[in-house]
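Colleague: The structure's right below; bear with me while I get my questions together.
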Amino acid sequence: MAETYDIEPTIEHYGCMVDFYGRAGQLRKAYNFVVQMPVPPNAVIWRTLLGACSFLGDIEMAEQVNKRLSELDPDNCGDHVLLSSIYTFAGKWKDVAMVRRSMAEKDMKKIPGWSMIEIDKVMYSFVAGDKQNEITEEAYNKLSEIMLKLKVKGGYIPEVGSVLHDIEEEEKEDTVSKHSEKLAVAFGMARLCKGSTIRIVKNLRVCKDCHSFMKLISKVYGLEIVVTAVNVPSILIEELNDTVLCNRRSGPGTIKTIIERLSIGSPKRSKAAMKALRETIRGEQLC
Ligand SMILES: [Zn+2]
């Protein structure tokens with residue numbers, strides 16, 4: 001990169017490499033790359049690797065990576081949730097309980113997942129397991145219709161490994177079926193014109209089931225779907241959630257405040273988030 005393009009790699013470029021290796025299932029290569037990086041790996045790099053461990057279900061490496069993360073960023077709720085989901089997937093309920101105890105001791109609360117979609121210059125936000133109002137009712141109705149079609153025509157079987165509770169399979173299916181991005185995509189399909197690209201912004205990583213669900217919708221309905229998980233600094237999450245809730249009540253325009261707040265909070269880390277939000281929203285009230 002430095003020789004051909006005269007670009008000095010930054011930590012974000014190294015992060016992309018770790019992500020590539022992880023997505024290609026090359027965990028050992030990803031780990032070796034991290035420990036040999038010329039710049040010291042930060043929590044984001046280790047977290048990317050933890051995400052790959054979660055995707056591939058590698059408990060041994062996840063524990064190794066988690067040790068580094070607990071030194072660099074011990075109070076990050078997302079890391080605990082990710083580790084917990086890895087144990088859940090492997091059915092290691094004692095370890096799940098241990099992580100949850102540690103979260104309770106540190107007074108950590110699981111960040112609620114939300115997704116946003118813009119329709120006719122209005123931003124709509126959905127929270128996982130959202131209580132019913134007119135908007136969510138429309139989303140739920142469309143979602144059950146989509147679920148049925150995907151099961152019949154696409155052979156969709158819900159992937160419930162990410163559910164963090166030792167509960168019955170049926171309840172797990174019910175939990176994953178209410179994830180915020182599913183509600184947002186269903187709402188978009190109910191409201192947008194046929195053939196429109198559906199763009200969704202989410203605050204957390206998309207789970208395995210939602211990922212397959214989106215791919216299947218795209219195939220069965222012939223739709224283009226773009227889901228962007230924005231990297232929002234954790235310190236702003238609570239404030240952002242308040243703003244999103246406020247946005248739901250007050251209609252369009254509030255999203256601009258979100259971007260401004262992100263920008264004040266941490267310009268560097270929120271750059272990607274702002275770009276994604278801008279690209280997704282593209283309303284005239286912005287920028
Ligand atoms: Zn999901």
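Rule-based calculations on the coordinates, nothing more; no lab input. For clarity, every value in this text was computed on a predicted model and none was experimentally measured. So basically every Cβ, Gly included, is an ideal-geometry build from the backbone, and we count neighbours across all protein chains shown.
Colleague: Given the pairs Lys92/Lys151; Lys106/Lys215; Lys94/Lys215; Lys29/Lys131; Lys29/Lys149, which span a C-alpha to C-alpha distance of over 32 angstrom in this model? Numbers along the way, then the final one.
Modeller: Numbers: Lys92/Lys151 29 Å; Lys106/Lys215 37 Å; Lys94/Lys215 34 Å; Lys29/Lys131 44 Å; Lys29/Lys149 40 Å.
Over 32 Å Cα-Cα: Lys106/Lys215; Lys94/Lys215; Lys29/Lys131; Lys29/Lys149.
Colleague: What's the extension gain from Lys67 to Asp120 if we count 0.36 nm per residue and subtract their Cα-Cα distance?
Modeller: Here the answer is 14.4 nm.
Colleague: If you scale each eigenvalue of the Cα gyration tensor by 5 and take the root, what three semi-axes come out for the stretch 2-105, rounded to whole angstrom and sorted largest first? Walk me through the numbers on the way to the answer.
Modeller: On the way: eigenvalues 157, 43, 17 Å².
In descending order, the three semi-axes are 28, 15, 9 Å.
Colleague: Given the Cα-Cα distance of Trp93 and Asp174 and 0.36 nm per residue of separation, how much length would full extension add, in nm? Working shown, then result.
Modeller: Values: separation 81, 0.36 × 81 = 29.16 nm, distance 2.02 nm.
Working it through step by step, the gained length comes to 27.1 nm.
Colleague: Using the per-residue mean of other Cβ atoms lying within 10 Å as a proxy for protection, in what order, highest first, do the peptides 199-211, 19-31 fall? Spell out each step's value before the answer.
Modeller: Numbers: 199-211: 21.3, 19-31: 16.5.
The packing order, highest mean first, is 199-211, 19-31.
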